Amino acid sequence: MPTRSARTAWNGTLEQGTGQVELSSSKAGTYEVSFPKRAADEAGGATSPEELIAAAHSACYAMSLSAGIGQAGGTPESLDVSADVSLGPDEANGGFKLTGITLKVRAEVTGLDEDGFRKAAEAAKAGCPVSKALTGVEITLDAALES
């Protein structure tokens with residue numbers, strides 16, 4: 001399997017500096033980052049490490065769930081997956097840490113009942129490589145079938 005790369009160029013202090021994150025492998029784009037925008041309720045056009053982790057986690061989970069549904073004998077017609085990644089103070093060690101991740105999936109699946117879908121959804125949460133990389137963060141799952 002290939003290795004994927006990203007690069008960040010940063011100028012200035014934490015509080016007043018800015019940077020640009022480049023998705024180097026895909027060349028999909030370069031995005032602004034700054035700590036004040038990272039810590040604000042409104043991102044103001046900048047991305048953050050948490051948003052990039054959320055993007056990676058939602059994509060990885062969707063792929064894992066798609067595979068798991070197929071292995072369980074179902075067909076994933078559509079999966080709508082979102083990931084919310086929270087940043088907060090690290091009381092024990094100082095600084096900040098990821099305080100939680102919520103995965104939400106709404107799915108249209110044929111060939112599986114609700115129980116079969118839930119089992120596939122939980123297995124995908126545990127088995128997705130990004131979930132495995134983030135084992136130090138509590139990951140919750142809200143999974144439901146849609147008619």
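Per the listing 82, 66, 78, the residue uniquely out of contact with any Phe, Trp or Tyr (no Cβ under 9 Å at 6 or more places or on another chain), without any contact (Cβ under 8 Å) to a residue 40 or more places away in the chain, polar (S, T, N, Q) and under 30 Å from residue 8 (Cα atoms) is 82. Only helices (runs of 4 or more DSSP H) whose full extent lies in segment 40-147 are considered here, and none of them has at least 3 residues that are at pLDDT below 95 and not β-branched (Val, Ile, Thr). Every listed requirement among (1) loosely packed, with under 12 Cβ neighbours inside 10 Å; (2) in contact with a Gly (Cβ under 9 Å, 6 or more places away or on another chain) is met by residue 36 save one, (1). Among the listed residues 90, 115, 142, identify the single one that is in contact (Cβ under 8 Å) with a residue 40 or more places away in the chain and surrounded by fewer than 15 Cβ atoms within 10 Å (Cβ to Cβ). It is 142. Annotation: of all residues in segment 118-139 being crowded, with 17+ Cβ neighbours inside 10 Å and β-branched (Val, Ile, Thr), the one that is nearest to residue 54 (Cα to Cα) is 130. The residues listed here are 51, 122, 138; of these, the one that is acidic (Asp, Glu), within 18 Å of the chain's Cα centre (by Cα) and within 21 Å of residue 6 (Cα to Cα) is 51.
The values are calculated or read from the model by the stated rules, or taken from the named source; none is laboratory data. Bear in mind that the values here come from a model prediction, so they are computed numbers and not experimental data. No Cβ is skipped: glycine too gets one built from the backbone with ideal geometry, and neighbour counts run over all protein chains shown.
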